[in-house]
Protein chains: 4
Amino acid sequence: MSKAREHFRSILARATCTPAAPIFDPLSARIADMLGWEVCKLSGSVGKFANLAVPDSVPMSNMSDLVDLCWRISRVANVCLIADADEGGGNALNIMRTVRELEAAGVSAIEIEDNLVPRRFGGSTSRHSLMISKEEQVGKLRAAAAARRDPTTVIVARTSALTELPLDEALDRIRAYSHTGAEAIMLPGVRRGRADIEAAHQATNLPLCVLGLPLDLVNDSAFLAANRVQIRFLGQPTYGMAVKAIYDSLKHLKDGGAPEKLMDRQASAELLRAVDRTEEFKEWEQEYVRE
Amino acid sequence: MSKAREHFRSILARATCTPAAPIFDPLSARIADMLGWEVCKLSGSVGKFANLAVPDSVPMSNMSDLVDLCWRISRVANVCLIADADEGGGNALNIMRTVRELEAAGVSAIEIEDNLVPRRFGGSTSRHSLMISKEEQVGKLRAAAAARRDPTTVIVARTSALTELPLDEALDRIRAYSHTGAEAIMLPGVRRGRADIEAAHQATNLPLCVLGLPLDLVNDSAFLAANRVQIRFLGQPTYGMAVKAIYDSLKHLKDGGAPEKLMDRQASAELLRAVDRTEEFKEWEQEYVRE
Amino acid sequence: MSKAREHFRSILARATCTPAAPIFDPLSARIADMLGWEVCKLSGSVGKFANLAVPDSVPMSNMSDLVDLCWRISRVANVCLIADADEGGGNALNIMRTVRELEAAGVSAIEIEDNLVPRRFGGSTSRHSLMISKEEQVGKLRAAAAARRDPTTVIVARTSALTELPLDEALDRIRAYSHTGAEAIMLPGVRRGRADIEAAHQATNLPLCVLGLPLDLVNDSAFLAANRVQIRFLGQPTYGMAVKAIYDSLKHLKDGGAPEKLMDRQASAELLRAVDRTEEFKEWEQEYVRE
Amino acid sequence: MSKAREHFRSILARATCTPAAPIFDPLSARIADMLGWEVCKLSGSVGKFANLAVPDSVPMSNMSDLVDLCWRISRVANVCLIADADEGGGNALNIMRTVRELEAAGVSAIEIEDNLVPRRFGGSTSRHSLMISKEEQVGKLRAAAAARRDPTTVIVARTSALTELPLDEALDRIRAYSHTGAEAIMLPGVRRGRADIEAAHQATNLPLCVLGLPLDLVNDSAFLAANRVQIRFLGQPTYGMAVKAIYDSLKHLKDGGAPEKLMDRQASAELLRAVDRTEEFKEWEQEYVRE
């Protein structure tokens, strides 16, 4: 039972909704940790973009890529990490391995989605619009919960059912997923706003994690509390800004611009030292290095 | 003999000085590749900061960290990669392993420095000011050259001798390093400007790689050509800008700012798609996927 | 162009059939190298058993597992490594990544099979009996050949068509695979003995690699040469013997037996020193370590 | 707090001495787990031999090698793993990282020794005969204990002081190490037999782990209990037998011997299936795979 996992459970039980930092690599996770974020969310998309330079729309990456990335994130950031494990790496057998390795890599929560992994780039269909049967997903979520070595690891049932299916079918899925050992429901979009959230909450008592919460809802803490919206995700501005900064810098230099011209867009020396934990290591040295 | 290594050798033989992109992780290397940079330089410092959140001043990382990072960079970026291997991971025995693993990780050139690795955070002394003997370094460079499995891999003798030692001793080192199998000399600073470069060039016929070239020299291509300054390094603005972008983004969100407010500091959708090679994979699919 | 790959090509062009050492991990590859084996074959099955303790019948492992294993094998064994990449990790898009990473991991040849990966444990059906269409496999093999960064890497088209399909269909496949850029055909069984091999050779001019060559054929070098059987695989006695040795040892100790009783089943001190290359490193030290 | 670590603590508190399986890689750990071993010991020597083919006498490997190996062992074997971390990877700063990564890799206990790592192959001096000062080692052990993220991880102070130093100095060290947060003392040899053990036990109340326990002591459970000898290590017969089996097999085949001749030295099909957990996965499939 890790401290991070215990802490994550307390966050799920809290009276308020907690935002998760949208990180994509060890550096962004380290900076989130420095800034006091409690929860970090590693989305599948940006994890693949930043680490493998492959699109999210077809399975160009695998669970070992994700495990390696989570491992490298965990060792520099002492946060509650939610890992987006896509469809879990295959069927319920594969999930057994996925869950155990992600646990070992230090994650607090593992999202598993009920989508069918496309073998081709989609035309009109999106990455998340083809779904496996409710029965198959129930088996996968039960497997995920059973595979845990640490009972405090949280399995999160992610579903775009509210977006892709008729409402009653969607709620039927959410209801079914709630009795598998999964301990939170993740909605990657709420097309109908409040209505979707209220419906989901009526279908399940589990805490909800929501991506793309409309602005008026973000500030309606009474509504969020009443419907157990415990975690909210924030899109990917951090990745987008990192890409722009790197691109602008390398473009400027490639075009023959002087490095000095980029000075005011760079982190201060103080911030850089904070990232690499210079002071923490110095204190450690002061305390423990005797020669 | 890899194409990248052959290309790197042609760059070292060119009439002009080539700048190297200051990258620190797979994402920055991928973007450098997109922008048409031929050479990428992975400095030890930013490699450690970004991937391990540890300082450069004491050996908190090891050669396996560097090998793993180079491997992950090579698989997303088809460039000539110069890896800064610090002091090579120990003595000449360790270098044998370091060189072979870095080669396998796809690098074109490996810098090995003649500094003594500190066990403590320096007070007045810097990371690069304590040096091993010339004889020991000659043994290490000979070992590095002998350890290569691919004769086109370039061993780069890095030395701060020109900054740390009397001029004659410094030149004596450069002369000695030139007869070890190393095929380039890397100067991490040129305190005396033109004088240092001219002296170094008189001491060795090998191509020079220089960090911190003064602005007037950058544009004096005749001088650079006359003294075989073949590669120049550009400091770390790219890392500094990435840190600032990530920090600003996560700070803004942590303080309750809306993600939308960060829109104009993010990469465009088009740039993001270029990073993840969507079009390249689509063409690949068009050509090869038959079901 | 690595020396190992050049050497592998010379083996494929040789007048005689070369056996491949059936290795499964770095230790067995190191010992094969010591014994002078030129070619090592890493089968998918034993690679999974020994490194992941998962069965071969369902996809419990992925291409990153294989890449990591090949990388660890390559760094201790300077041999020509043939990697069994199963179905290549998915469709032709996935193969692009698989081929590039296996190349980077130092393999000389990559086998890609035309089977359909089962999602369930087979009842009567075996791991290799369900096949994808000829057209799909042709696309995958063309993709594999096109994805190479090193033109000397050999793509091997593996097919159980001769065992699973009517003869004319099987030969039609072999013929088609021969025009994709694949440069060898691998037959994981020859049910009809000489007849299968002769038929395959008439369908293709490419070198053949055969598993389970009957004893009378092993010694008929004229027949093998006439039909371009260039490489033969030998089953998995090495893995089977390692498992038995480890099991017997740990069983004996678990039952309270004295370690001393196991003395004569252990390698000599001399053999152990050869495995860890003590002498090689000592010579290296003698030559290069100056302090 | 992992189950394995809790279990390891109960073993240290037990009335009897528990032997540890001498494993060296994932396969041997998996087989130990199958056979019901509770504790596995990964010695530095065989870990390096089997995975890297490098000698133990000079630092050709680093902590990342060990972490990777422990990670791969942990994912296939659900046992209490004692990792021999040699001198911890450097000074007390390095230990901070070593401990955290080994914890993340799932080990239950971490041995840290008070020896000075040689830079050269020893002549008359052995790998363990040069020692750092007591004060430095106390700092390192305190650092190791403080660095833990999981308070149930056990730091083991390993020392050859009883072999290398005068008795009073050796006991003084053991006494000092006992007040650092280390929770067990590891003796890699007991030259004076009972006398050494009794002296060590008088110097410390901590549980002892002993390598090379003389046969008469192994069976004297009253003595072991009276002196808190809680864990005993058994040398490396398992590695030695695996090397011999692999060598014999590859030698036989290289010399043209038929694979069939090796039949009775191989594991049975039943044993092989047990290693790869076929039945466990089948049950899992039965229970959870719904399509």
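The values are calculated or read from the model by the stated rules, or taken from the named source; none is laboratory data. Note that the coordinates shown come from a computational prediction; the quantities given were computed from them, not determined experimentally. Positions of Cβ are backbone-derived with ideal geometry, glycine not excepted, and every protein chain shown enters the neighbour counts.
Things to note:
- When each of C:Ala242, C:Ala267 is tested for being within 26 Å of D:Leu271 (Cα to Cα) and in contact (Cβ under 8 Å) with a residue 40 or more places away in the chain, the lone residue that passes is C:Ala242.
- Residue in region D:9-17 that is touching a residue at least 12 places away in the same chain (Cβ under 8 Å), part of a helix (DSSP H, G or I) and closer than 30 Å to B:Asn94 by Cα present: no
- Of the residues making up region B:30-77, those that are under 14 Å from the mean Cα position of the chain (by Cα) and more than 21 Å from B:Thr98 (Cβ to Cβ) are B:Ala32, B:Trp37, B:Glu38.
- Region C:248-263, subset modelled with pLDDT under 95 and facing chain D (nearest Cβ under 7 Å), residue surrounded by the fewest Cβ atoms within 10 Å (Cβ to Cβ): C:Ala258
- Scan region A:281-291 for residues that are surrounded by 15 or more Cβ atoms within 10 Å (Cβ to Cβ) and either part of a loop (DSSP other than H, G, I, E, B) or more than 8 Å from every other protein chain (Cβ to nearest Cβ) (or both) and the total you get is 2.
- Residue within region A:119-131 that is farther than 22 Å from A:Ala4 by Cα, surrounded by fewer than 22 Cβ atoms within 10 Å (Cβ to Cβ) and at the interface with chain D (Cβ under 8 Å from one of its Cβ atoms) present: no
- Of the residues examined, C:Arg142 is not one that is basic (Lys, Arg), more than 24 Å from C:Asn94 (Cβ to Cβ), assigned to a helix (DSSP H, G or I) and modelled with pLDDT of 95 or more.
- Listed by first and then second residue, the pairs with beta-carbon distance under 7 Å, at least 6 apart or on different chains, first residue in region D:54-68 and more than 8 Å from every other protein chain (Cβ to nearest Cβ), second of a type in the set (Asp, Glu) and not in a loop (DSSP other than H, G, I, E, B), are D:Val67/D:Glu101.
- Residues of region A:45-98 satisfying the condition of being on the phi > 0 side of the Ramachandran plot and not charged (D, E, K, R): A:Ala53, A:Gly88, A:Gly89, A:Gly90
- Within region A:96-107, the set of residues being under 18 Å from A:Ser43 (Cβ atoms) and more than 10 Å from chain D (Cβ to nearest Cβ) comprises A:Thr98, A:Leu102, A:Val107.
- Here is the figure for region D:248-280: residues that are in a helix (DSSP H, G or I) and among the polar types (S, T, N, Q) total 2.
- Scanning region B:166-213 for residues that are in a loop (DSSP other than H, G, I, E, B), hydrophobic (A, V, I, L, M, F, W, C) and within 19 Å of B:Val138 (Cβ to Cβ) returns B:Ala182, B:Leu206.
- Complete set of residues in region D:214-247 that are within 9 Å of chain C (Cβ to nearest Cβ), surrounded by 20 or more Cβ atoms within 10 Å (Cβ to Cβ) and part of a helix (DSSP H, G or I): D:Pro237, D:Thr238, D:Tyr239, D:Gly240, D:Met241, D:Ala242, D:Val243, D:Lys244, D:Ala245, D:Ile246, D:Tyr247
- Hits in region D:25-75 (condition: closer than 24 Å to A:Asp68 by Cα and polar (S, T, N, Q)): D:Ser28, D:Asn51, D:Ser61, D:Asn62, D:Ser64, D:Ser74
- For region A:13-36, a residue qualifies if it is touching a Cys at 6+ places or on another chain (Cβ under 9 Å) and either surrounded by fewer than 24 Cβ atoms within 10 Å (Cβ to Cβ) or away from chain B (no Cβ under 14 Å) (or both), and exactly one does: A:Asp33.
- Of all residues in region A:269-280, exactly one satisfies the criterion of being more than 7 Å from every other protein chain (Cβ to nearest Cβ), aliphatic (A, V, I, L, M) and closer than 16 Å to B:Pro237 by Cα, namely A:Ala269.
- Some residue of region B:79-95 being without any contact (Cβ under 8 Å) to a residue 60 or more places away in the chain and more than 14 Å from chain D (Cβ to nearest Cβ): yes
- Restricting attention to region A:159-178, the residues that are charged (D, E, K, R) and either within 24 Å of D:Gln286 (Cα to Cα) or within 11 Å of chain D (Cβ to nearest Cβ) (or both) total 2.
- Positions within region C:77-95 being at pLDDT 95 or above and more than 23 Å from A:Met60 (Cβ to Cβ), in sequence order: C:Ala77, C:Val79, C:Cys80, C:Leu81, C:Ile82
- Filter result for A:Gln137 (at pLDDT 95 or above and within 14 Å of another protein chain (Cβ to nearest Cβ)): yes
- Every residue from region A:196-216 that is modelled with pLDDT of 95 or more and in contact with a strand residue (DSSP E or B) (Cβ under 8 Å, 6 or more places away or on another chain): A:Asp196, A:Ile197, A:Ala200, A:His201, A:Thr204, A:Leu206, A:Pro207, A:Leu208, A:Cys209, A:Val210, A:Leu211
- With respect to the conditions (1) within 26 Å of the chain's Cα centre (by Cα); (2) crowded, with 21+ Cβ neighbours inside 10 Å; (3) within 7 Å of chain D (Cβ to nearest Cβ), C:Gln266 falls short on a single one, namely (1).
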